[in-house]
Amino acid sequence: MIMSSVKIECVLPENCRCGESPVWEEASDSLLFVDIPAKKVCRWDSLSKGVQQVTVDAPVSSVALRQSGGYVATIGTKFCALNWEDQSVAVLATVDKDKKNNRFNDGKVDPAGRYFAGTMAEETAPAVLERHQGSLYSLFPDHHVEKYFDQVDISNGLDWSLDHKIFYYIDSLSYSVDAFDYDLQTGKISNRRSVYKLEKEEQIPDGMCIDAEGKLWVACYNGGRVIRLDPETGKRLQTVKLPVDKTTSCCFGGKDYSEMYVTCARDGMDAEKLLQQPQAGGIFKITGLGVKGIPPYPYAG
Ligand SMILES: O=C(O)[C@H](O)[C@@H](O)[C@H](O)[C@H](O)CO
Ligand SMILES: [Zn+2]
């Protein structure tokens, strides 16, 4: 049963051009996120409401916690370590060296501490790009990189089932949420299949996270919503609409991971749309969902 006490609030009017990769950092009661084209990694302190940011030298598409301290981030086509204190970036590995127009997109750490992230061709406008240029990779704790597959259009949301036996993945322009069998020991994936095909008004599947009941939450770009899916039945369980169209990603955070945070974009909106949706690019908090999330896994290298 769905309780109707869902509340949506813009907690940070940040005007991100393309906000992405929300990650809750319990140790600092903060939300990390990136603004991809603005080349910024941001950290919003939920207690003081202050934002700190680090500007890097290329589009930054995802950020994740690092077990040994600081963060890791995907910057351009590089997996990097980010030292928050002195704002320094160290390159851990580079991918797609033969594809000068590519950049990383969404990334997330698996339950064994590997940093998964995929690439895409740079867009000329939202969802307009040379197709099939991307690949999916992961950075192992020893800093070696494995490539899983290529021919990706827009590599996007990813997460793992609660028993760590399934890897969920979105290539946005397939309009599908896919699943693979996952071998946590080796990091290998196999047996790709679709678990949900988006409906027309749901638009483009973007970022994704799993909740503590094993259900998937997908942010729908241009759809102005997050949807909750049951990957076992392939059914949509819930739709939560937001007052902005370009919802890009979601994560759980806050006390006991009972709140959901949603990022969104301003790029691609005309002046009229921006007047109608002045909160576009802000950070939204959704409470009252009645389900919790799980903590993010830190990169183990
Ligand atoms: O947020 C992302 O993942 C991409 O970098 C964005 O550019 C959008 O998703 C894309 O335009 C719509 O699919
Ligand atoms: Zn995305």
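Restricting region 258-301 to residues that are among the aromatic types (Phe, Trp, Tyr) and out of contact with any Cys (no Cβ under 9 Å at 6 or more places or on another chain), which is nearest to residue 217 (Cα to Cα)? If you could, list the steps in order and put the result at the bottom.
Applying the first criterion (among the aromatic types (Phe, Trp, Tyr)) to region 258-301 yields 261, 284, 297, 299.
Still in the list and also out of contact with any Cys (no Cβ under 9 Å at 6 or more places or on another chain): 297, 299.
Working: 297: 17, 299: 22 Å.
Among those that are among the aromatic types (Phe, Trp, Tyr) and out of contact with any Cys (no Cβ under 9 Å at 6 or more places or on another chain), it is 297.
For region 49-59, which positions are assigned to a strand (DSSP E or B) and touching an Asp or Glu at 6+ places or on another chain (Cβ under 9 Å)? Break it down stepwise before answering.
So the first thing to find is which residues in region 49-59 are assigned to a strand (DSSP E or B), and the list is 51-55.
51, 52, 53 - these are the residues of region 49-59 that are assigned to a strand (DSSP E or B) and touching an Asp or Glu at 6+ places or on another chain (Cβ under 9 Å).
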Handout entry: Residue in region 38-69 that is farthest from residue 282 (Cα to Cα), counting only those that are surrounded by 14 or more Cβ atoms within 10 Å (Cβ to Cβ) and of a type in the set (D, E, K, R)
Key = 66
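From the set of residues in region 227-250 that are more than 16 Å from ligand 2 (Cβ to nearest atom) and basic (Lys, Arg), which is least open to solvent (accessible area, probe 1.4 Å)? If you could, list the steps in order and put the result at the bottom.
First pass over region 227-250, keeping only residues more than 16 Å from ligand 2 (Cβ to nearest atom): 228-241, 243.
Narrowing further to those that are basic (Lys, Arg): 228, 235-236, 241.
Working: 228: 28, 235: 126, 236: 92, 241: 126 Å².
So the residue we want is 228.
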Fill in the blank from the handout: Restricted to region 147-187 and to residues being under 20 Å from residue 104 (Cα atoms) and either charged (D, E, K, R) or modelled with pLDDT under 95 (or both), the residue surrounded by the fewest Cβ atoms within 10 Å (Cβ to Cβ) is 147
Practice task
Please go through region 207-222 and pick out each residue that is in contact with a helix residue (DSSP H, G or I) (Cβ under 8 Å, 6 or more places away or on another chain) and open to solvent by 10 Å² or more (accessible area, probe 1.4 Å).
Solution key: 212, 221
Exercise for the section: Enumerate the pairs (first residue in region 59-80 and within 15 Å of residue 38 (Cβ to Cβ) and more than 15 Å from ligand 2 (Cβ to nearest atom); second residue anywhere and of a type in the set (Lys, Arg) and open to solvent by 10 Å² or more (accessible area, probe 1.4 Å)) with beta-carbon separation below 7 Å, excluding pairs fewer than 6 apart on the same chain, so at least 6 apart or on different chains. Expected result: 76/103
Fill in the blank from the handout: Residue count, region 76-102, condition at negative phi and open to solvent by 20 Å² or more (accessible area, probe 1.4 Å), comes to 17
Completion exercise
Selection over region 253-263 where residues are touching a residue at least 40 places away in the same chain (Cβ under 8 Å) and either in a strand (DSSP E or B) or within 15 Å of ligand 2 (Cβ to nearest atom) (or both) yields a count of 5
Completion exercise
Flagged in region 201-226 as in a strand (DSSP E or B) and either of a type outside the set (A, V, I, L, M, F, W, C) or more than 15 Å from ligand 2 (Cβ to nearest atom) (or both), in numbering order, are 205, 206, 207, 210, 211, 221, 225
Fill in the blank from the handout: Considering residues that are in contact with a strand residue (DSSP E or B) (Cβ under 7 Å, 6 or more places away or on another chain) and assigned to a strand (DSSP E or B), the number found within region 98-137 is 19
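Just to be sure, is residue 156 touching a helix residue (DSSP H, G or I) at 6+ places or on another chain (Cβ under 6 Å), within 16 Å of ligand 2 (Cβ to nearest atom) and closer than 24 Å to residue 245 by Cβ? So that I can check it myself, show each step before the final result.
On the way: touching a helix residue (DSSP H, G or I) at 6+ places or on another chain (Cβ under 6 Å): yes; within 16 Å of ligand 2 (Cβ to nearest atom): yes; closer than 24 Å to residue 245 by Cβ: yes.
Yes.
Could you go through region 188-201 and let me know if any residue there is of a type in the set (Ser, Thr, Tyr), more than 16 Å from ligand 1 (Cβ to nearest atom) and either touching a His at 6+ places or on another chain (Cβ under 8 Å) or at pLDDT below 95 (or both).
First, pick out the residues of region 188-201 that are of a type in the set (Ser, Thr, Tyr): 190, 194, 196.
Those still in the list that are more than 16 Å from ligand 1 (Cβ to nearest atom) too: 190, 194, 196.
Okay, now just the ones that are also either touching a His at 6+ places or on another chain (Cβ under 8 Å) or at pLDDT below 95 (or both), so none.
Looking through region 188-201, none of the residues is of a type in the set (Ser, Thr, Tyr), more than 16 Å from ligand 1 (Cβ to nearest atom) and either touching a His at 6+ places or on another chain (Cβ under 8 Å) or at pLDDT below 95 (or both).
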Exercise for the section: Name the residue, out of 195, 177, that is within 18 Å of the chain's Cα centre (by Cα), among the aliphatic types (A, V, I, L, M) and assigned to a strand (DSSP E or B). Expected result: 177
Fill in the blank from the handout: Looking across region 264-280 at residues that are open to solvent by 60 Å² or more (accessible area, probe 1.4 Å) and not in a loop (DSSP other than H, G, I, E, B), the single one that is farthest from ligand 1 (Cβ to nearest atom) is 275
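The values are calculated or read from the model by the stated rules, or taken from the named source; none is laboratory data. Since the model is a prediction, treat every value here as computed from it, not as a measurement. Quick reminder, even Gly has a Cβ in these numbers, built from the backbone with ideal geometry, and neighbours come from all protein chains shown. For accessibility, only protein heavy atoms count, side chains too; no ligands or nucleic acids. Shrake-Rupley method; radii C 1.70, N 1.55, O 1.52, S 1.80 Å.
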